[in-house]
Amino acid sequence: MSSVAALGLLVGAASAETIRWGGSADLNSLDPYSYGSTFTLSFLNHIYEGLVRYDADLQIEPALAESWEVVSDSVWRFHLRQGVTFHNGATFTAEDVLASLNRVSHETSPLRGNLPAYQSAEVIDDYTIDIHLNGAYPLLLNDLTNIFIFDADWLHDNNSELPTDVAAGVEGYTTFNANGTGPFIIDERVPDTRTSMVVNPDWWDEPEHNVTRIEFTPITSAATRVAALLSGEIDFVEGAPVQDLPRLQAAPNVNVIEGNALRTIMFGFNRRETLNDGRENPFNDLRLRQAIAHAIDMNLIRDRIMRGASRNAGTLVAPQIPGYSAELDEQIAYDPDLARQLVSEAGAEGLAFQLTCSYERWVNEEELCSAVISMLTRVGLAPSLDIGPWAVQAPRMSGGQADMFIFGWANEPMLDAYSLLVQVVRTREGTAGVFNWGAWSYPAWDALIDAAAVELDRDTRLGYETQVLAGAREEMLFVPVHQQPMAWAVSDRVESVVQQADNKPRHWLTRMAD
């Protein structure tokens, strides 16, 4: 299900070592509940921990919970690890888990969709807590891998019991301060400039790393990141630009690790009755969505824009994700003549609309979106590119202001197609459809998704999921493009680093050369 690439061999005695991380973007916030950004959550996983976690092979293992059992279809009991302390010295107990679950499931929480079956929690004693669900649910442990645990008293003392929300501009103490149980402690945070962490000497786990300090600097310019790595100013880049890989591979002081990420990049559509400018919405015509799909040359995007490093996609999830079907993964045919015919049949010749993208949120995003604009223009449409910083574009896309938009989904932390289905495909209702940016609604799919949520037989559950993915392809809910390239580059100061298909750095598994 996953692959692990490592550089070098592990060495013996630990030494005081700093790793300098040149990030492709800054963090959205130090509050892990503030926005569903995989990159931000992967960074904060150095500071905060969940009840369970993924190991080096992407298998679930105990973390702040030592064990658990299913008491009934709707109740799971967790036995918590004793002797764990937060970075401020406070003792970890069940009250912290309760406060954290209340916070992340609050109606104002951007991450409430990450716990779709959660109802409530009940403290049994200091180190035992029951989680109550809305019924049988097979994926609770998957969900809990990225539900990080806060110190309840720290939240209360800092007036932070309610979640913040990056997209809505809601900030608080947790936006700029952190207090977890994880392997590293925040030392300094200067937004858009630097964030540093120091090793937690009281971490409950046995360290496999020898890193004592992490210095993170956001470097949004790909050229600047490459130059900094080649000059020895930084040691690690999680977003090495594909166009520069030959140059990096030729450098004597740099090592490159490549793969395809779990994340599928796709294009979605506004499906409300009217567009943001008040026009009747032409994207509700299936023929127009099909025309756009046939107008996009996936092979050209792969070969020229992604430099051969991406994997063309025909369905909305990667092959490693349960629920995937190879049958559905047949690439949508590039057929500009058919696209022109469909544009004509839909009465959309000369249709003006905007494609909303951001600068380098995804690999070579600006180049990708510009190419798609050109391809759509050639089949008789009149698109324009609306591009800007992610912080500006994300609220536009999520708020229904985009006509057509770029979208990426890795099915994390769940690592199951249900993640995409319940959070993106399903009608927005309660904790479901949080990322349904187009406001589409397919009741028959909702019924299958809801059935998958409570089906304990794995094959039956995955069958429901595949049916919805088949419907999404038939309805051209999204136009899938590719699983994007995953390329890391490290200096020769780094002896070993673990790369997995989820593209998350885990520097508590990193070792620096002595």
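Between helix 94-104 and the chain there is an angle of about 20 degrees, using the helix long axis and the longest principal axis of the Cα atoms.
Based on Cα contacts under 8 Å between residues 6+ apart, region 337-480 shows a relative contact order of 17 percent.
Simple point charges give the picture: +1 on the Cβ of Lys and Arg, -1 on the Cβ of Asp and Glu, and for region 460-514 a dipole about the Cα centre of about 120 debye. Principal-axis analysis of the Cα atoms of the chain puts helix 336-345 at an angle of about 70° to the longest axis.
Near the amide H of VAL170, within less than 5 Å, lie the amide hydrogens of ASP165, all on another chain or at least 5 residues away, with H placed in the peptide plane. With every protein chain left in place, what is the accessible area of TYR418 in Å² (1.4 Å probe, nearest 10)? Rounded to the nearest 10, the figure is 10 Å².
Averaging the Cα positions of each part gives two centres, and for region 244-289 and region 401-445 these lie 15 Å apart.
If the chain linking ASP285 and ARG247 were pulled fully straight, counting 0.36 nm for each residue of separation and taking away their Cα-Cα distance, it would gain 9.1 nm. All distinct Cα pairs of the chain go into the 1/r average, and the inverse of that average, the Kirkwood radius, is 23.7 Å.
In this structure, HIS106 and TYR359 have a Cβ-Cβ separation that, at R0 = 45 Å, corresponds to a calculated FRET efficiency of about 0.90. For a Förster distance of 25 Å, can you work out the FRET efficiency between the beta-carbons of SER370 and THR193, rounded to the nearest 0.05? The pair SER370/THR193 has a calculated efficiency of 0.25. Scanning residues 5 or more positions from THR356 or on other chains, those with amide H under 5 Å from its amide H are ASP386, ASP403, MET404, PHE405, ILE406, with H placed 1.01 Å from N in the peptide plane.
Remark: region 254-404 carries a charge dipole of roughly 240 debye about the Cα centre, counting +1 on each Lys and Arg Cβ and -1 on each Asp and Glu Cβ.
Quick note on region 33-175: its Rg to Rh ratio, both from C-alpha atoms and Rh being the Kirkwood radius, is 0.93. Placing a pseudo-label 7 Å from each Cα along the Cα-to-Cβ vector at THR377 and SER231 gives an inter-label distance of 3.6 nm. When a 1.4 Å probe is rolled over the protein heavy atoms, the share of accessible surface on the chain that falls to carbon and sulfur comes to 47 percent.
Using Cα pairs closer than 8 Å and at least 6 residues apart in sequence, work out the relative contact order for the chain, in percent.
Rounded, it is 22 percent for the chain.
For the chain, a crude dipole built from +1 on the beta carbon of Lys and Arg and -1 on the beta carbon of Asp and Glu, taken about the Cα centre, is about 1460 debye to the nearest 20. Here the extension length gained between GLU345 and GLN59 equals 98.1 nm, from 0.36 nm per residue of separation less the Cα-Cα distance.
If you fit an axis through the alpha-carbon atoms of helix 365-377 and take the longest principal axis of the Cα set of the chain, what angle between them do you get, 0 to 90°, nearest 10? The helix 365-377 is inclined about 10 degrees to the chain. Can you find, among ILE219, LEU509, ALA65, the residue farthest towards the positive end of the dipole of the chain? Put +1 on the C-beta of Lys and Arg, -1 on that of Asp and Glu. Looking along the dipole axis, the top candidate is ILE219.
Computed packing ranks the peptides 434-442, 26-34, 502-510 as 26-34, 502-510, 434-442, most packed first, by mean other Cβ atoms within 10 Å. Once both labels are positioned 7 Å from their Cα atoms along Cα-to-Cβ, the gap between GLU171 and ASP73 label points is 4.7 nm. Give me the percent relative contact order of region 447-514, please, defined on Cα pairs under 8 angstrom at least 6 residues apart. Reported relative contact order: 20 percent. For region 36-58, the residues whose backbone nitrogen is under 12 Å from a point 7 Å from the Cα of ASP205, taken along Cα to Cβ, are 45-58.
Each peptide in 376-387, 109-120 was scored by the mean count of other Cβ atoms within 10 Å over its residues; highest first, the order is 109-120, 376-387. Go ahead and run the numbers for FRET between GLU429 and ASN255, Cβ-Cβ distance against an R0 of 51 Å, rounding to 0.05. So the FRET efficiency works out to roughly 0.60.
What the Cα atoms of region 234-282 give is an Rg and a Dmax of 20.3, 58 Å.
In the chain, the DSSP-assigned H stretches of four residues or longer account for a calculated mean residue ellipticity at 222 nm of -6500 deg cm²/dmol, using -39500 (n - 2.57) per stretch and the full residue count as denominator. Scalar couplings 3J(HN,Hα) for region 259-271, obtained by applying the Karplus form with A = 6.51, B = -1.76, C = 1.60 to θ = phi - 60°, are x, 10, 6, 5, 5, 9, 8, 8, 10, x, 10, 5, 10 Hz; x denotes Gly and Pro.
The values are calculated or read from the model by the stated rules, or taken from the named source; none is laboratory data. Since the model is a prediction, treat every value here as computed from it, not as a measurement. All Cβ positions, glycine included, derive from the backbone under ideal geometry; neighbour counts span all protein chains shown. The protein model used for the area step is the full one, side chains on, heavy atoms only, and it has no ligands, DNA or RNA in it. Shrake-Rupley method; radii C 1.70, N 1.55, O 1.52, S 1.80 Å.
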